[in-house]
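One structure below.
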Amino acid sequence: MFKTLSRSIAQVILPPLGYLLMRFYWMTSKKNFHITGEITQEQSIVICWHGELLMSPQAYRYFHKKQSASGIISRHFDGEMIARILMYFSIAPLRGSSSRGAAQVLREAFRALKKGDDLLVTPDGPRGPRHSISDGAIALAHKAKAPVLTVNYVPKAYWQLESWDKFVIPKPFTTIDFYLENVSLEGMEQDEARTFLREKMLTHTVH
């Protein structure tokens with residue numbers, strides 16, 4: 001009962017605090033954007049590592065300010081916190097993962113893509129392995145035939161948590177290099193696309 005009550009309180013208090021913290025890091029940092037290919041306002045599948053969720057959704061919204069967007073978020077408790085925070089960025093949560101509710105969330109993701117939403121995906125979430133690419137992320141990209149926009153960042157000064165995803169927290173007032181690239185997986189088989197996308201995303205990330 002106490003655990004349930006504590007989680008209920010956390011669900012109310014933590015999301016707005018998390019949002020304010022994200023905005024603080026964004027507003028106090030110096031940002032350099034490195035863009036490969038053209039970032040248009042067309043529908044995209046936006047892919048970032050789970051350990052970079054603190055800043056990557058904000059980088060996405062910096063370029064796609066008004067697009068309707070959905071994000072695949074796990075059903076775990078930490079996923080609930082992330083889902084509530086992302087709603088402050090007008091990113092609607094689709095609840096599920098490769099381990100829980102996979103079929104349902106994929107159906108919801110296809111519906112979101114069909115209605116024109118951008119789709120945010122963390123291909124190594126919610127439990128890893130870190131920097132892996134799930135089958136679901138590749139299937140969505142192949143099915144939607146929408147451009148894939150990878151988003152990574154590397155801060156000059158940062159903390160890194162001891163979590164499975166080695167969550168990256170930039171230090172206040174540091175410089176952050178953001179790397180955004182439009183990539184195409186068209187014509188690639190599943191394994192080829194997975195290897196290609198992973199190599200792209202590992203080029204500019206905190207290891």
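The values are calculated or read from the model by the stated rules, or taken from the named source; none is laboratory data. Please read these numbers as outputs of a predicted model, since none were measured by experiment. Virtual Cβ from ideal backbone geometry, glycine too; neighbours counted across all protein chains shown. The protein model used for the area step is the full one, side chains on, heavy atoms only, and it has no ligands, DNA or RNA in it. Shrake-Rupley method; radii C 1.70, N 1.55, O 1.52, S 1.80 Å.
Approximating the spin labels as points 7 Å out from Cα along Cα→Cβ, the Ser132-to-Arg23 distance works out to 3.7 nm. Give me the tail of P(r) for the chain as a percent: Cα-Cα pairs with distance above 29 Å. More than 29 Å apart: 19 percent of the Cα pairs in the chain. Between Ser8 and Glu38, the distance separating the two model label sites (each 7 Å from Cα on the Cα→Cβ line) works out to 5.3 nm.
When a 1.4 Å probe is rolled over the protein heavy atoms, the share of accessible surface on the chain that falls to carbon and sulfur comes to 57 percent.
How high is the relative contact order of the chain, in percent, counting Cα pairs under 8 Å that sit 6 or more residues apart?
For the chain, the relative contact order is 28 percent.
Centre-to-centre separation between the Cα atoms of region 6-72 and those of region 100-179: 11 Å. For the Cα trace of region 41-129, dividing Rg by the Kirkwood Rh returns an Rg/Rh value of 0.93. Put simply, the amide H of Thr36, placed in the peptide plane, has neighbours under 5 Å in Leu180, Glu181, Asn182, leaving out anything fewer than 5 places away on its chain.
Remark: the chain carries a charge dipole of roughly 760 debye about the Cα centre, counting +1 on each Lys and Arg Cβ and -1 on each Asp and Glu Cβ.
Between Glu189 and Ala139, the simple label model (points 7 Å from Cα in the Cβ direction) yields a spacing of 1.9 nm.
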